[in-house]
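Read the structure below first, then the notes.
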Amino acid sequence: MKFRTDKDSLGEVKIPADAYYGAFTARAIQQYHVTGQRAHLYLVIAFVMIKRSAAIANMKSGALDKKRGIVIVKACDEILSGKFLDQFVVEAINSGAGTAFNMNVNEVIANIALEILGQKKGRYGIIHPNDHVNMSQSSNDTFPTAMHISILFNLKQVIPALDDLIKSLHKKAKEFSSFQKIGRTHLMDALPVSLGGEFSAYATSVAKARDAIVAAKKELEFIALGGTAVGTGVNTPKGYRKIAISELALISTPTQTTARHAILFAKQVCYCKPLFCT
């Protein structure tokens, strides 16, 4: 295997030459071994959408030059088309605020952007994972935002699945209405009940849980993006938060997604607006 040498503020790290992640990620995968599982696809996609939206907001607010900003957006679009997904290697549980995963995303986007420019991976003086890709952001606002969006993506599938389950349980409740069985209470046999009655109770319980999920979903429509490290918006240019959230709403809306995005999500992912999910 061939290697390259990446360098950050902590020093040099050897990394597989074909890897798009960098030094921070290489250290992280040596440190975090909690679950042995990578982050969910929806979390990856949500994070990349955030980075894309942030780059546009930074350009429009004048904090990021267009040459860097446009190529960062292009790099994000490459990932959203289904490429480079194997480069997100930091496992799901990592560090206090998910910083390791945030940096994994930053490094992958930076190195893809460098290649788009015809540069070699690791030339961070041109496009830096933290200074440019992570500009105006913190793990403290991006990770919660990504979690909200990824859960909202998933609920687009979960709610219909629960509806189907409830219908099936009601159907079985009718089908089993004439079947009698012994009831149980205090670990002892009790009065007889119908099997249909039991399934009807199952349907009611799942329906109540489904309604609770829908109610809780509303709170996920509010996102932290733009709050940065401590929620004050420190280190963000004027107007950044409004633009970033608007761009994020736009890219995660079904009617506004590109054809390449549609290919990736055709079977699994449904889009939604982060603030006004319907």
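What to note about this one:
- Total residues in the stretch 183-228, condition of a type in the set (Phe, Trp, Tyr) and over 30 Å from Ile243 (Cα atoms): 2
- Some residue of the stretch 19-30 being assigned to a loop (DSSP other than H, G, I, E, B), more than 25 Å from Lys120 (Cα to Cα) and not polar (S, T, N, Q): no
- Against the criterion of being under 30 Å from Asn134 (Cβ atoms) and at pLDDT 95 or above, Leu195 does not qualify.
- Cβ-Cβ under 9 Å pairs, at least 6 apart or on other chains, the stretch 212-227 side within 15 Å of Asn140 (Cβ to Cβ), far side at pLDDT below 90 and open to solvent by less than 60 Å² (accessible area, probe 1.4 Å): Ile223/Pro274; Ile223/Leu275; Leu225/Pro274
- Within the stretch 31-53, the set of residues being assigned to a loop (DSSP other than H, G, I, E, B), at pLDDT 90 or above and either touching a strand residue (DSSP E or B) at 6+ places or on another chain (Cβ under 9 Å) or open to solvent by less than 10 Å² (accessible area, probe 1.4 Å) (or both) comprises Tyr32, Ala39.
- Meets criteria (open to solvent by 50 Å² or more (accessible area, probe 1.4 Å), in a helix (DSSP H, G or I) and closer than 25 Å to Lys238 by Cα) for Ile56: no
- Scanning the stretch 104-129 for residues that are open to solvent by 20 Å² or more (accessible area, probe 1.4 Å) and either over 15 Å from Lys51 (Cα atoms) or within 15 Å of the chain's Cα centre (by Cα) (or both) yields Glu115, Ile116, Leu117, Gly118, Gln119, Lys120, Lys121, Gly122, Arg123, Tyr124, Gly125, Ile126.
The values are calculated or read from the model by the stated rules, or taken from the named source; none is laboratory data. From a predicted model like this one, the values you see are computed outputs, not experimental measurements. Positions of Cβ are backbone-derived with ideal geometry, glycine not excepted, and every protein chain shown enters the neighbour counts. Ligands, DNA and RNA are excluded from the accessible area calculation, which covers all protein heavy atoms including side chains. Shrake-Rupley method; radii C 1.70, N 1.55, O 1.52, S 1.80 Å.
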